[in-house]
Amino acid sequence: MTDLNTSEISAATDATRRAALVALFISIAAIAVGYAAAFTRSGTPAWAPWLLALAIPVALGAIMILGAARGRSGIGPLKIPFVFVVLVLIIGFGAPLLLPATEGPLSKLWLGLPARAAIVIYGVGLLPIIVLPVAYALTFETQTLSAQDVARVRALGAARENQVSNVSAAQKPIDKLRA
């Protein structure tokens, strides 16, 4: 691999990871602001739950991207499932906030749950659990380490081990002088 190819791959990966880190930082700050708003003396402001409903899915999406970013293609074919999951999470957290607060003991149940709880449990909890494993399974061959990658990692590990051994061997005479 030439230096040009390595730098191209590094730049693409760095751009993907950099964007994910920025999104993660901003979303975590927004989550902190949303939670802090709950402790105000005048009560929780109306915007705080909405901030959380947007920031939590963005943070989860950024974490998924950081875990999947690989090589020149960034996250490659996982873009669509990741966007889908983030949108489902935003809708799943936002829809209960939009529903009127009219639930009572006689309210209609959705698969055994009140409407708001059903949206959160089935939308936020269940749907991503179905979509993400399928997406990872379909992209396993392209998103995991190739035989060349494994060989490169082993070579780097062996080189690092030799480097540590050489430093340790050089350190022994100095240790004898100190004793």
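The values are calculated or read from the model by the stated rules, or taken from the named source; none is laboratory data. Worth saying up front: this structure is predicted, and the values here are computed from it rather than measured. Every residue, glycine as well, gets a Cβ built from its backbone with ideal geometry; the counts of neighbours run over all protein chains shown. These area figures cover heavy atoms from the full protein model, side chains too; ligands, DNA and RNA do not enter into them. Shrake-Rupley method; radii C 1.70, N 1.55, O 1.52, S 1.80 Å.
The sole residue among Ala69, Ala62 that is in contact with a Leu (Cβ under 7 Å, 6 or more places away or on another chain) and open to solvent by less than 30 Å² (accessible area, probe 1.4 Å) is Ala62. If I filter the stretch 74-88 for residues that are farther than 30 Å from Glu141 by Cβ and not hydroxyl-bearing (Ser, Thr, Tyr), do I get at least one hit? Within the stretch 74-88, none of the residues are farther than 30 Å from Glu141 by Cβ and not hydroxyl-bearing (Ser, Thr, Tyr). Within the stretch 77-131, if we keep just the residues that are of a type in the set (Ser, Thr, Tyr) and not in a helix (DSSP H, G or I), the residue that is nearest to Ile56 (Cα to Cα) turns out to be Thr102. Evaluate the stretch 157-166: report whether one residue or more is open to solvent by 50 Å² or more (accessible area, probe 1.4 Å), under 29 Å from Pro77 (Cβ atoms) and either modelled with pLDDT under 85 or part of a helix (DSSP H, G or I) (or both). No: zero hits. Restricting attention to the stretch 135-152 and to residues that are in contact (Cβ under 8 Å) with a residue 40 or more places away in the chain and part of a helix (DSSP H, G or I), the residue that is nearest to Val86 (Cα to Cα) turns out to be Ala135. Taking the criterion of being modelled with pLDDT of 90 or more and surrounded by 13 or more Cβ atoms within 10 Å (Cβ to Cβ), no residue of the stretch 98-117 qualifies. On the stretch given as the stretch 132-143, residues that are among the aliphatic types (A, V, I, L, M) and crowded, with 16+ Cβ neighbours inside 10 Å total 2.
Arg41 meets all of the listed conditions (1) under 27 Å from Pro96 (Cα atoms); (2) charged (D, E, K, R); (3) in a helix (DSSP H, G or I) but one, namely (3).
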